Amino acid sequence: MRAVLQRVRSASVAIQEKKTGEIGRGFLVLLGIAPEDTEKECDFLLEKVLGLRVFEDEAGKMNRSLMDCGGQLLVVSQFTLYADCRKGRRPSFTGAARPETAVPLYERFLARAREAGVRTECGEFGADMLVSLENDGPVTILLDTNDIMPGNRARR
């Protein structure tokens with residue numbers, strides 16, 4: 001699984017000009033899912049997202065997690081995180097999971113975040129969405145379970 005985290009002051013997602021999700025301080029998470037991903041990768045990635053210490057403490061140091069500061073999540077499915085641009089000028093997206101694999105993992109990520117007590121908003125899987133954000137910092141972090149999860153080997 002891959003996630004692009006953007007620390008935000010606010011973020012929203014709209015579908016056909018209707019706002020479907022909106023958060024204040026927290027993370028906009030662009031979430032990509034590969035065919036080989038399982039619940040194990042999903043749970044590991046969510047724990048990493050919730051525990052990453054990139055929010056400022058009283059001294060102005062990035063020392064607090066989303067959970068520490070009561071932050072929120074806006075999660076948007078993003079199959080294009082698996083774009084393969086090695087050949088030609090048109091990306092291939094065969095590295096992204098098909099909906100029958102991706103949707104249950106996307107929904108699990110959302111459900112587990114909510115179970116953890118985090119206010120979690122989302123887009124709609126497969127929809128054409130307009131995402132707006134006020135990036136804070138800016139702080140943008142790329143997470144890939146192949147790189148950060150113990151026991152996983154890069155599938156590149």
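Filtering region 1-29 to residues that are buried (at least 21 other Cβ atoms within 10 Å of the Cβ) and out of contact with any Asp or Glu (no Cβ under 6 Å at 6 or more places or on another chain) leaves Ala3, Leu5, Gln6, Ala11, Val13, Gly26, Phe27, Leu28, Val29. Scanning region 1-46 for residues being over 12 Å from the mean Cα position of the chain (by Cα) and on the phi < 0 side of the Ramachandran plot gives a total of 26.
Quick check on region 87-114: of everything there that is basic (Lys, Arg) and not in a helix (DSSP H, G or I), which residue is surrounded by the most Cβ atoms within 10 Å (Cβ to Cβ)? If we take residues in region 87-114 being basic (Lys, Arg) and not in a helix (DSSP H, G or I), then Arg98 is surrounded by the most Cβ atoms within 10 Å (Cβ to Cβ). Does Leu31 qualify as being touching a residue at least 40 places away in the same chain (Cβ under 8 Å), in contact with a Ser or Thr (Cβ under 8 Å, 6 or more places away or on another chain) and within 15 Å of Glu115 (Cα to Cα)? For Leu31, the condition - touching a residue at least 40 places away in the same chain (Cβ under 8 Å), in contact with a Ser or Thr (Cβ under 8 Å, 6 or more places away or on another chain) and within 15 Å of Glu115 (Cα to Cα) - is not met. Scanning region 127-156 for residues that are open to solvent by 70 Å² or more (accessible area, probe 1.4 Å) and farther than 17 Å from Glu41 by Cβ yields Asp128, Leu130, Leu133, Glu134, Pro138, Thr140. Return a yes/no flag: does region 114-122 have any residue that is touching a residue at least 12 places away in the same chain (Cβ under 8 Å), closer than 27 Å to Gly24 by Cβ and touching a Ser or Thr at 6+ places or on another chain (Cβ under 9 Å). Yes, region 114-122 has at least one match.
Inside region 41-65, can you point out the residues that are touching a residue at least 24 places away in the same chain (Cβ under 8 Å) and either touching a Gly at 6+ places or on another chain (Cβ under 6 Å) or open to solvent by 60 Å² or more (accessible area, probe 1.4 Å) (or both)? Result: Lys48, Met62. A Cβ distance below 7 Å, combined with a sequence gap of six or more or placement on separate chains, defines the contacts here; from region 131-147, residues that are of a type outside the set (A, V, I, L, M, F, W, C) reach residues that are open to solvent by less than 70 Å² (accessible area, probe 1.4 Å) and outside any strand (DSSP E or B) in the pairs Thr145/Met1; Thr145/Glu41; Thr145/Phe44; Thr145/Leu45; Thr145/Asn152; Asn146/Asn152; Asn146/Ala154; Asp147/Ala154.
The values are calculated or read from the model by the stated rules, or taken from the named source; none is laboratory data. Keep in mind that this is a model prediction, so the values were computed, not measured. Cβ atoms come from the backbone with ideal geometry, glycine included; neighbour counts cover every protein chain shown. Heavy atoms of the whole protein, side chains included, go into the accessibility calculation; ligands, DNA and RNA do not. Shrake-Rupley method; radii C 1.70, N 1.55, O 1.52, S 1.80 Å.
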